[in-house]
Amino acid sequence: MVLTGGAKRPEAGENVSDRLLVSGAGSPASNNLIRSLRADGASFRVAGCHSDRFVLKRSEAERRYLTPPSSHPAYVEAVRRIVKAEKTALAIPTNDADVRTMSRLRKRIPCRLFLPRHATIDLCQDKYELGRLLLKRGVPAPATQVVTDVNRIRSAFRRLAPRSRLWCRMRTGSGSMGAMPVDTPEQARAWIRQWQAIRGIPASSFTLSEYLPGRDFGCQSIWKNGELILVKTYERLSYLGMGGHLGQVSSVATLAKTVREPRVVEVCARAIRAVDPEASGVFSIDLKEDLNGVPCVTDINAGRFSSATAIYDLTGKHNMVATFVRLALGERVDLREEYDVAEDFYVLRDVDMAPGVFHADEFFDGIEEARG
């Protein structure tokens, strides 16, 4: 473990209830989370950790620690040393791998972790098993078939008929990894074989599912002991890096706007209660509308904030990240089933820039018309 920050260590007797540790430090998700905490105006002090010193260098945390990857056996001891050195009150993982590891080892980490049950995290990180459970419980989700062999893809197409277009994607991972719309078994077979040949990804890592052509939503919510505390929604309008992405859809939006969609909230609440009636922590859900305009759950990111959390934190009455931290630290939060929406706010994101949040009325401020 290597320390790369310059701030002084906490002195004995200091109030440390506001000391946080954020994993994935330097990543967009981590930096956006830290910016949201600072925007709240509270006195949270943040240390960050990451296994890549070059990513870590970009972190906006006050102190930065280099650790092994969360998959390494030495990771938990590195985190324990940081928690003790920083007198950390709460650790917040910011990616799926760190969520899974911290959850599995939560009894060995000497600070608070406001995470869902480990079985819930395991379920949500397998998109195929998640979709099966949701459909079984009557929650809208795309019909899906797992791929077992590239030579048996035609039978999966038949089982999903009469749908002419399907969505081919990996059953684990984030950022639309390996996702591609396909119209024929030959296209799906070629796509999967490319991943096998170039990345060594087996065919069994892929699924084929109903293609959802409608609007694309994000919904983030905070829960405690099965009770919904706070929820917000937005709609993705365009996607990051689409010029070089055949799928033309991604979970990472370059332009999104806040929307009031009670039907999306209703589906998301049903989904969370289906996967864990005693849910606690943060859940970030992706949904797309089917041909009939019904929002269907495609992903549930259990235990971590969306990388686009700025649109939730910097609009509306309540900062979601700050609310989460206060709830995790046992502070009183007088919210119950609050659907917090400030409509017509937009978030703009791109590579090498912090997210910008603007109201629709601000888009033409300071812009001169020169188109003739």
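The values are calculated or read from the model by the stated rules, or taken from the named source; none is laboratory data. Model, not experiment: these values are computed from the prediction. Backbone-built Cβ (ideal geometry, glycine too); neighbour counts: all protein chains shown. Please note that ligands, DNA and RNA were not included when accessible areas were found on the heavy atoms of the full protein model with its side chains. Shrake-Rupley method; radii C 1.70, N 1.55, O 1.52, S 1.80 Å.
How much accessible area per residue does the stretch 13-158 have, in Å², with a 1.4 Å probe?
Ligands and nucleic acids excluded, the result is 44 Å² per residue.
So, counting K/R as plus one and D/E as minus one, what does the shell of residues with Cβ under 13 Å around Asn319 add up to?
Computed value for this residue: +1.
Taking a probe of 1.4 Å, how large is the accessible area per residue of the stretch 301-372, in Å²?
56 Å²
With unit charges on the beta carbon (Lys/Arg positive, Asp/Glu negative), name the residue among Pro181, Phe217, Ala354 whose Cα is farthest towards the positive pole of the charge dipole of the chain.
Pro181
Treating only the Cβ of Lys, Arg, Asp and Glu as charged (+1, +1, -1, -1), what charge dipole size does the chain show about its Cα centre? Round to the nearest 20 debye.
The dipole of the chain has a size of about 1680 debye.
Counting only chymotrypsin sites (Phe, Trp or Tyr not before Pro) that sit in a DSSP loop (anything but H, G, I, E, B) with at most 11 other Cβ atoms within 10 Å, what is the longest stretch of the chain containing none of them?
Counting only loop sites that pass the neighbour cut-off, the longest clear stretch is 1-362.
How much of the accessible area of the chain, probe 1.4 Å, is carbon plus sulfur, in whole percent?
Whole-percent figure for carbon plus sulfur exposure: 50.
How far is it, in nm, from the label point at Ala85 to the one at Ser71 when both lie 7 Å from their Cα along the line to the Cβ?
Taking the two extended label points, one gets 2.5 nm.
Counting other Cβ atoms within 10 Å of each Cβ, which GluC sites (Glu not before Pro) in the stretch 323-363 have at most 12 and sit in a DSSP loop?
Listed in order of number, the matching sites are Glu331, Glu337, Glu343.
Assign one of three labels to the stretch 271-352, namely rounded, prolate or oblate, based on the Cα gyration tensor with a ≥ b ≥ c the square roots of its eigenvalues; rounded applies when a/c is under 1.5, prolate when it is not and a/b is larger than b/c, and oblate otherwise.
It is oblate, given that a/c is not under 1.5 and a/b is not larger than b/c.
Could you tell me which of the pairs Lys57/Lys317; Lys107/Lys224; Lys136/Lys232; Lys257/Lys317 are separated by over 22 angstrom between their Cα atoms in the structure shown?
Lys57/Lys317; Lys136/Lys232
Calculate, in nm to one decimal, what Phe358 and Arg104 gain on full extension: separation in residues at 0.36 nm each, minus their alpha carbon distance.
87.5 nm
Over the stretch 89-150, what is the mean sequence separation of C-alpha contacts under 8 Å (at least six apart), divided by residue count, expressed as relative contact order in percent?
25 percent
If you take the charge dipole of the chain about its Cα centre, with +1 on Lys and Arg Cβ and -1 on Asp and Glu Cβ, which of Gly303, Ala29, Pro68 is farthest toward its positive end?
Projecting each Cα onto the dipole axis, the largest value belongs to Pro68.
Once you treat every alpha carbon in the chain as an equal point and sum by Debye, what is log10 I(q)/I(0) at q = 0.09, 0.11 Å⁻¹?
Treating every Cα as an identical point scatterer, log10 I(q)/I(0) equals -0.53, -0.79.
Restricting the count to DSSP beta bridges whose residues both fall in the chain, what percent are antiparallel, rounded to a multiple of 5?
Once the DSSP bridges in the chain are tallied, antiparallel ones form about 75 percent.
Scan the stretch 176-206 for trypsin sites (Lys or Arg not before Pro) in coil per DSSP, keeping those whose Cβ has at most 13 other Cβ atoms within 10 Å, and list them by number.
Sparse-neighbourhood loop trypsin sites (Lys or Arg not before Pro): none present.
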